[in-house]
Amino acid sequence: MSYSILMSITLLFSQNTLFFNAQKISQDSVDIKEITISDYFEMIEMSKDNDKVLMVNFWASWCAPCIKELPVLSNFAKENTNITELIFVSLDRSKDVKKAEKLLTSKDVKGQHYLVLGSDSELSQITDEWFGAVPLTIIYQNGKIKHVYKKELTNANLEKLKLKLTNN
């Protein structure tokens, strides 16, 4: 009899642990906000008066190099909050936003997350140097493009970037 009581208590405890862990995961989940190209340019305009540089990372949940660099960029931004503000912009389709949110949550990628709505021709307005391939990271300083990276950024790339930014 005491064995069955012990098993019941153990089962109850393990179910509560699972419930509380599930609650914790949902509290830390990432939300992606949909924006238009106009909204994007307004964000860039607003960054003009900021002393920090603005890093905008364009990515997609179907892009393996993008997924690999997400935590690297997130950690860089966390470690360099004095010089950098980071924004993630997903190029996924609206119907895939939940998949992208789950991916960001699983990788613990904190920050500002957006899904840009627009046609390819509208996206091409972002910079002349971009034809839609991801990953792409644009560095803005005082509202102007300072650097464009059309590749996956690594810790080594980011350390070089940090040196450039702090020496300007």
query: What full-extension length gain, to one decimal in nm, is calculated for Thr81 and Asn167 as 0.36 nm per residue of separation minus the Cα-Cα distance?
result: 29.3 nm
message: How are the alpha carbon pair distances in segment 19-168 distributed across 10 Å bins from zero to the largest one, expressed in percent?
response: 11, 42, 36, 10, 2, 0
statement: Counting only residues 5 or more apart in sequence or on a different chain, those whose built amide H sits under 5 Å from that of His147 are Ile139
- line: Under a 1.4 Å probe, counting only protein heavy atoms, Asp92 has an accessible area in Å², nearest 10, of 10
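Check each of the chymotrypsin sites (Phe, Trp or Tyr not before Pro) in segment 93-168 and keep only those in coil by DSSP with at most 14 other C-beta atoms within 10 angstrom; list them in order.
Values: sites: Tyr114, Trp130, Phe131, Tyr140, Tyr149; in loops: Trp130, Phe131.
Those satisfying the criteria are Phe131.
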- line: Here the gain from full extension of Ala156 to Lys95, 0.36 nm per residue of separation minus their alpha-carbon distance, amounts to 18.5 nm
message: What translational diffusion coefficient, to the nearest whole µm²/s, does segment 70-159 have by Stokes-Einstein, given a Kirkwood radius computed over alpha-carbon pairs, a temperature of 10 °C and 1.306 mPa s viscosity?
response: 111
- prompt: So how much accessible area does Lys110 have, in Å² to the nearest 10, using a 1.4 Å probe?
  reply: 90
query: Of the accessible area of segment 42-168, with the probe set at 1.4 angstrom, what percent is carbon plus sulfur?
result: 50
task: Treat each spin label as a single point 7 Å out from the Cα along the C-beta direction, and report the Trp130 to Val148 distance in nm.
output: 0.9
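I want to verify the translational diffusion coefficient of segment 32-108 in µm²/s; compute it with Stokes-Einstein, Rh as the Kirkwood radius over Cα pairs, at 20 °C and 1.002 mPa s.
Using the Kirkwood radius from Cα pairs, D works out to 159 µm²/s.
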message: Filter Lys52/Lys151; Lys48/Lys110; Lys33/Lys160 down to the pairs with a C-alpha to C-alpha distance above 29 Å, please.
response: Lys33/Lys160
- request: State the Cα centre-to-centre distance between segment 105-153 and segment 70-93 in whole Å.
  value: 11
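The values are calculated or read from the model by the stated rules, or taken from the named source; none is laboratory data. Note that the structure is predicted; figures quoted are calculated from it, not measured. Virtual Cβ from ideal backbone geometry, glycine too; neighbours counted across all protein chains shown. With ligands, DNA and RNA removed, areas are computed over all heavy atoms of the protein, side chains included. Shrake-Rupley method; radii C 1.70, N 1.55, O 1.52, S 1.80 Å.
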